[in-house]
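Read-outs: derived from the displayed coordinates by stated rules, not from any lab. Because the structure is a prediction, the values reported are computed rather than measured. Here the Cβ positions follow ideal geometry from the backbone for every residue, glycine too, while neighbour counts run over all protein chains shown.
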Amino acid sequence: MNLKFYFFLLIAIAIWQPVTAQTPRKALVEHFTQASCPPCAYYNPLIAPILERNQSKACKIAYQVSWPGFDPMNKDNPGEVQTRVNYYGVTGVPDVFLNAVSSGPPTTTITDANIQNATLLPSPFEIKIENTVQADYNSMEVKVTVKRTDASTGIPMLRVAVCEKVIEWLAPPGTNGEKSFHHVMKKFLPNTTGTNVSEIDEIGESKIYTFLYKFDKLYDFKNLETVAFLQNDASKEIYQAENEELELTPNPGHDISVKTSSATGVYGDTLVCGKSTSPVIKLINTGNSVITSLEIAYSINGGSPQTHQWTGNLKFLAETDIALPAIGFLPNKGSNQLVIDIIKVNGQDDITPANNVTQTVFYSAPSTTLTSTFELKPAAQPSQISFKIYDDKNTVLVEGGPYTDNTAKQYFLTLEKDRCYRIAVVNNTSSLNGTYKLFDDQNNQLFQQRVIGIGTSSRDFGTYTLVSVVDGTNNGSRFSIYPNPVSDVLNIQFSSSMHDAFVSCRDLNGSLLHEIKGRNYQNGETASIPVHQWNPGMYLVSIRSAEGIFSHKVIIE
C-alpha cells in the first residue's frame, strides 16, 4: 500500500471517530416523597446537599405522592404521579431511584460515589433542551434534540417532565413540618408514556421533538425547568438524562403581555347576568422598561370600545390585576366575546403588539319570564337540604327547607324585568341529595342542576332579553370570513376601509396563532391566512384598527 492510501485512511478514521464517539452520561434521580410523611422530613434534608453538589452529574424529578397524608402538590397532577409510582412498584415513601434502581433507604441510594458510578458508563445518546417562553407568558415551548452517538439495544422512550425547581411555603402544607420542596414534577410532555424515538437508528442521526406546555397549577412560573430522559420500558434502563432551566430575559423597550382576563371580574367565571359587566385583566411586564402608565381599550361583541387609563409601577416580570370600569353590551343568547387591547404603554406603542390583545368568551345567564316556577326535589336526606333565591340587591325572594320527605316541591316566582337572581341550595351531606329546575311560564325547562356534596350550589338567571345573533352581526359589517368552517385557507374580506389594522387569530385560551401587523385595507380587499396546520376547533379572528375593534369566530375542521 502506498502513502496516499494511508493518508486517506487516516482522514477517514478522523472523520468516523467523532461520529461514533459515545456521550458522557448524566444520571437521573426520581424521588418519591410526601408533605405528610414523617420519614421524608428526616431523609430529604440529608440527600439534598448531595444532589446539590452533584447537579452537573445528575438531574432530579420529585413526585409528591398521595399517601400517607395530605399533600396539595399531589393534587396538582395526581394521575401522572401515580403512573410513575406504579411503573416502579413504589409501596412506601420516601423512596429514591438512581437510574431506575433503588438500593433501600434514600441515604443508601444517594451518595457521591453512587452518582459518580452512575455516570461512568458512556451513553449512546445525546440530549439537548431548549425552553422558550411564549409571547403571552402563559406557556412555553420545549424543544428536545435527541442524537444517537452509538448503538444500543431496546426501544428508547423519550420522557419530558416540566418541574418547579423549588416550591417554598410560608407554613408547612402537610403534617411533617417541611416547607421547601425541590424539583417537583408538574407535567409530562405529552404524557408519562413518552415518545418512541427508535426511528433515530443511525449513528450520528438526530431529531428535534417539540412540545408546548401551558402553565397550569404553578406556584411560580419563573422557577421552571425541564428534565428529559430516555428509558427502556422493558428493562427500565436509563440511557441518558438532561435538564435545562427556563431562562427569562426582558425584551428591549416597552413590552406588556396579557396573561389572562375575565369578563365577569372573577378569573375562571364565565357567566354574566345583565347588560353590563366589569372585566378584570392580568398583565405582566416582559420588557426592560419600568411601566408606569397604560391605555387600555375594551369592547364586547364588536361594540364601541371603552378606554381606561392605568398608572402604577411595574418592573420586569412583575404582574398586576387591573379591574376595568363597567361596560354595557347587548347580551347574546349563548356566547359573548370580550376583546381587551393595550394600545399605549408609557404613552408609546408596545414593541410587541401581538401579546397586547386578549379575546375572552363568556356566556349570558339563562333568561326566564316574569312568572316562572322553581322546583326542588330532595333525595335520600331531605332534612339536610334547603334553598334561598336572592335578587340582585341580595333580598331573599323565596326560601324553603329543610324538608321531611323527598317529593318534588314547586315554588311560583313573580319576577321583575331586567333583573338578576341567584339560586343558592345548601346541602349538609356528602352524597347526591337533590335536583332543582327552573321553568318559564310556558313550562319550558331552562336548566337542571344536581346537588352533590357538602356546601352551597349556586345558579344565576335573569329576566333580560337575550339576542339571537348570527356570528359576526355585531361587527357592523366591517368584514366577513369565508369559508366557515375552513380546513385550508381562511379568507378575510373587508366590506369597508380599515386603517392601521392589526389582524390576529387566537384559540379560545388566548394563544396567538397568526398575526398580520398594521396595514391599511380598502373596501373589497381580501387577506388570506393558512390554517391547515391548526388543530380542529373554534378560533377568534380579531381586527384592531383606527375604526375600532372587531371580531369573528371561525371553526377549523
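Computed from backbone phi with θ = phi - 60° and the Karplus coefficients 6.51, -1.76 and 1.60, the 3J(HN,Hα) list for the range 252-269 is x, x, 7, 8, 10, 10, 7, 8, 6, 7, 8, 6, 8, x, 10, 4, x, 8 Hz; x is used for glycine and proline.
Mind ranking 428-439, 190-201 by how tightly packed they are, going by the mean number of other C-beta atoms within 10 angstrom, highest first? Present the calculation step by step, with values, prior to reporting the outcome.
Values: 428-439: 17.9, 190-201: 14.4.
Highest mean packing first, the order is 428-439, 190-201.
Close amide H pairs (under 5 Å, H built 1.01 Å from N) link Ala62 with His31, Val184, Met185, residues at least 5 positions away or on another chain. P(r) for the range 23-245: what percent of alpha-carbon pairs falls in each 10 Å bin, starting at zero? Histogramming the range 23-245 at 10 Å steps yields 8, 35, 37, 17, 2, 0 percent.
Quick check on packing: order 30-39, 133-142, 203-212 by the mean number of other C-beta atoms within 10 Å, highest mean leading.
Per-residue Cβ counts within 10 Å, averaged per peptide and sorted highest first, yield 30-39, 133-142, 203-212.
Centroid-to-centroid, using Cα positions, the range 34-83 and the range 364-421 are 48 Å apart.
For the chain, taking a cut-off of 4.7 Å between Cβ atoms, the unpaired cysteines are Cys59, Cys163, Cys505.
Determine which lysines satisfy two conditions relative to Lys75: a Cα distance under 22 Å, and not lying fewer than 8 residues away in the same chain. The qualifying lysines are Lys60, Lys165, Lys179, Lys186, Lys187, Lys214, Lys217, Lys222. Any idea what the relative contact order of the chain is, in percent, if you count C-alpha pairs under 8 Å spaced at least 6 apart? Relative CO of the chain lands at 10 percent.
The ellipsoid equivalent to the alpha-carbon distribution of the chain has semi-axes of 51, 36, 22 angstrom, derived from the gyration tensor eigenvalues as √(5λ) and listed largest first. Annotation: amide H-H contacts under 5 Å for Gly174 (H modelled 1.01 Å from N, sequence separation of 5 or more, or interchain): none. Database remark: amide H of Ala27 closer than 5 angstrom to the amide H of Ala58, Cys59 (H placed geometrically; neighbours at sequence offset of 5 or more, or on other chains; Pro and chain starts carry no H).
Computed from Cα positions, the angle between helix 3-20 and the longest principal axis of the chain comes to roughly 40 degrees. Let me test this: with uniform point scatterers at the alpha carbons of the range 256-364, what is the Debye-based log₁₀ I(q)/I(0) at q = 0.10, 0.12 1/Å? Relative scattering, expressed as log10 I(q)/I(0), comes to -0.27, -0.38. The listed peptides 69-81, 284-296, ordered by packing as a protection proxy, come out as 284-296, 69-81 (highest mean of other Cβ atoms within 10 Å first).
Of the Cα atoms belonging to the range 473-556, the radius of gyration and Dmax stand at 11.9, 32 Å.
How big is the C-alpha Rg of the range 371-462 next to the rule-of-thumb value 2.2 N^0.38 Å, as a ratio? Compared with the compact-globule rule of thumb, the range 371-462 sits at 1.03.
Shown in residue order for the range 191-204 are the 3J(HN,Hα) couplings computed by the Karplus curve 6.51 cos²θ - 1.76 cosθ + 1.60 at θ = phi - 60°: 6, 6, 4, x, 10, 6, 10, 5, 5, 7, 10, 9, 4, x Hz (x for Gly and Pro). Phi angles across the range 415-420 convert, under the Karplus curve 6.51 cos²θ - 1.76 cosθ + 1.60 with θ = phi - 60°, into 3J(HN,Hα) values of 10, 10, 5, 6, 10, 10 Hz, Gly and Pro given as x. Using the alpha-carbon centroid of each, what span in Å lies between the range 289-351 and the range 129-199? The two parts, judged by their Cα centres, are 34 Å apart.
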